[in-house]
Structures are given as structure tokens and as C-alpha cells.
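Undergrad: Have a look at the structure that comes next, please.
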Amino acid sequence: MPKKHELTEFERGEIIALWKGGHSERNISEILDFPKTTIHDTIMDYKNSEKISAASRSGRPPKLAERDIRRIV
């Protein structure tokens, strides 16, 4: 099984295109070699929001403020 990684917009587009073309989730999983749950989650996200881009993540806040970084430089 491949390592986990974020799907690219192209990969998400492929999933949605195959789904709109009438393929089942299982068939899409076999064609693209992604887990069936990934295919299902991608299709559900598309149904709910009509978007194929990934949700933005805030990440960890920086330890230094912008002014501190300027002062160090």
C-alpha cells in the first residue's frame, strides 16, 4: 500500500471525471490505484461543496512575530 499523501487537484479531477462518467467507486479505485475510502471522501467533498481543491490548513503559528524576524535580519 502506498504512503499517504495529499491528492493533487489533477488527481481529484480524475476521480470526479470518472465518477461523472458513470464509473463506480470500486472501479475508480482499481483504475487509479487509490484506496476506496479516498475515492468516496473525494466524491462526497465534491457533492457537498462543488470544489475539487483541498481545504486550506492553518498550520502551526510562527514562534517569532514579523517584527522580530526583521530585527534579527
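Undergrad: Given the conditions (1) touching a residue at least 12 places away in the same chain (Cβ under 8 Å); (2) more than 11 Å from the chain's Cα centre (by Cα); (3) part of a helix (DSSP H, G or I), which single one is not true for Thr42?
TA: Here Thr42 meets the rest and fails (2).
Undergrad: Within the range 41-57, how many residues are hydrophobic (A, V, I, L, M, F, W, C) and farther than 12 Å from Phe10 by Cα?
TA: 3
Undergrad: To continue, here is another question. State which residue pairs qualify: first residue closer than 15 Å to Met44 by Cβ and inside the range 17-29, second residue of a type in the set (Asp, Glu) in any location, beta carbons under 8 Å apart, and separation of 6 or more residues or different chains.
TA: Trp19/Glu25
Undergrad: Please work out if Arg57 is surrounded by fewer than 13 Cβ atoms within 10 Å (Cβ to Cβ) and part of a helix (DSSP H, G or I).
TA: no
Read the figures in this text as sums done on the coordinates, not as results from a lab. The structure displayed is predicted, hence computed values, not measured ones. All Cβ positions, even for glycine, are placed from backbone atoms using ideal geometry, and neighbour counts span all protein chains on display.
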